[in-house]
Amino acid sequence: MTPDRRRLGAWALAAVLLAVVLALYQADRTGVGDHKATPSAAPSADPSAGPSGTPPGTPSATTPATPPGTGTAEPPATPGTPSPTACAAPGDCGFPDAKSTGPRIALEPHDTGNMSVKKDGTVIKGWDIRGSLDVYANDVTVIDSRITSANWWGINLRPGFSGLKVLHTTITAVPGKGPDNGGVNYAVSNMGGSSIEVGWCDVSVFGNALSMGQGDLHDNYVHDIVAFRNQGGEWQHTDAVISGGGNKGRLTIRRNTLLNSVAVDRGATAAVGLFADTGTVSSVIVEGNWLAGGAYALYGGGPGATGIEITDNVFSTQYHQGSGVYGPVTAWNAGGAGNVWRGNRMSDGRPVTPEPTG
């Protein structure tokens, strides 16, 4: 081969190599070689998958996964189950209020006055009563009704009788028209020897609204208690729920809104008052309630109290920073047999721990 032909072959090879280099350079500039433009090696999207073919619940590469319950659209709390976040009002966290209590049907007026019920199994339904009910019978049911009383009580179960149920009923009074120097004492009173049930009731005005040593009090809204001086000229003590001790059965107070907005110098005592007035306090469950007001929101039974379970209650600051004027709880017997204190908190989220008793 002649030198000219060898030089020509070398120049041709160099030209080919230069063309390849230029082609690769141009491809890189136009993105032909970019991995984003190449077909994905992943399988095609599953119809049940989320956006971009990701399985349901799989976080995207740019959005971190959010644990359940930490998002801004937290599901509403169920009634009586305290929300893990702060609450401004009972209804915000699913506790009873005017919307979830009281009668569910239209009512028929009944001007009964102070009526005695003496027939076992009586059912009073759909009545708008101007008066009160004094129950001398077993298994009486008052449901979907309204009672506006000017008597000492709204409904009273007499000793020796049992089985009373008061459900979906409004029980109130006219301030200044009651027999105790214009005041009224008990919306529902259990003088009988067994448990009664009070549920989904809207209760107001009465000084000691729900009064009993044993019973099942659930899903009630007690509010707007009215202070008054009794016939002795003294301010009547006020409590949304009151028990005097000495009970033989169990008292359960569950999923209620219990408010006592009365000023302490006008008789306010508690939202729940468990007092050893007539005997030792025992066998009481106070669970999942919204409590506010009183000198203390809760009186816990005092020395000797046993079998008292106080769990998962919200102590509201709506009237006082301490829930009650002096704090959320007093008279708690931490060493009593079967006494349990667990999961109670202020409405702003702070845990509530009782002070040691002397």
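Numbers below:
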read-out: Qualifying residues in region 330-358 (those that are assigned to a strand (DSSP E or B) and not hydrophobic (A, V, I, L, M, F, W, C)) - the one nearest to the chain's Cα centre (by Cα); value: R345
read-out: Any hit, region 223-231, residues being within 24 Å of G300 (Cβ to Cβ) and touching a strand residue (DSSP E or B) at 6+ places or on another chain (Cβ under 6 Å); value: yes
read-out: G232 vs. criteria without any contact (Cβ under 8 Å) to a residue 12 or more places away in the chain and either in a loop (DSSP other than H, G, I, E, B) or among the hydroxyl-bearing types (S, T, Y) (or both); value: yes
read-out: Pair list, Cβ < 8 Å and 6+ apart or interchain, from region 152-173 residues that are within 14 Å of L217 (Cα to Cα) and outside any loop (DSSP other than H, G, I, E, B) to residues that are of a type in the set (A, V, I, L, M) and open to solvent by 20 Å² or more (accessible area, probe 1.4 Å); value: K165/I143; V166/I143; L167/I143
read-out: Qualifying residue in region 159-170 (condition: among the charged types (D, E, K, R), open to solvent by less than 30 Å² (accessible area, probe 1.4 Å), under 15 Å from C201 (Cα atoms) and modelled with pLDDT of 95 or more); value: no
read-out: Selection count, region 255-304, where residues are out of contact with any Leu (no Cβ under 7 Å at 6 or more places or on another chain), open to solvent by less than 50 Å² (accessible area, probe 1.4 Å) and outside any strand (DSSP E or B); value: 10
read-out: Cross-chain or 6+ apart pairs with Cβ under 7 Å, region 236-248 first and surrounded by fewer than 19 Cβ atoms within 10 Å (Cβ to Cβ), then among the charged types (D, E, K, R); value: G244/D277
read-out: Odd one out for Q318 among (1) assigned to a loop (DSSP other than H, G, I, E, B); (2) crowded, with 18+ Cβ neighbours inside 10 Å; (3) touching a Leu at 6+ places or on another chain (Cβ under 9 Å); value: (2)
read-out: Residue selected from region 321-337 under the condition in contact (Cβ under 8 Å) with a residue 24 or more places away in the chain and open to solvent by 50 Å² or more (accessible area, probe 1.4 Å), by the criterion farthest from A263 (Cα to Cα); value: A337
read-out: Subset of region 176-214 (residues that are farther than 23 Å from F228 by Cβ, open to solvent by 10 Å² or more (accessible area, probe 1.4 Å) and not in a loop (DSSP other than H, G, I, E, B)); value: E197
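The values are calculated or read from the model by the stated rules, or taken from the named source; none is laboratory data. As the structure is a prediction and not an experimental result, all values here were calculated from the model. No Cβ is skipped: glycine too gets one built from the backbone with ideal geometry, and neighbour counts run over all protein chains shown. When the accessible area is computed, the model is the full protein with side chains, heavy atoms only, and any ligands, DNA or RNA have been set aside. Shrake-Rupley method; radii C 1.70, N 1.55, O 1.52, S 1.80 Å.
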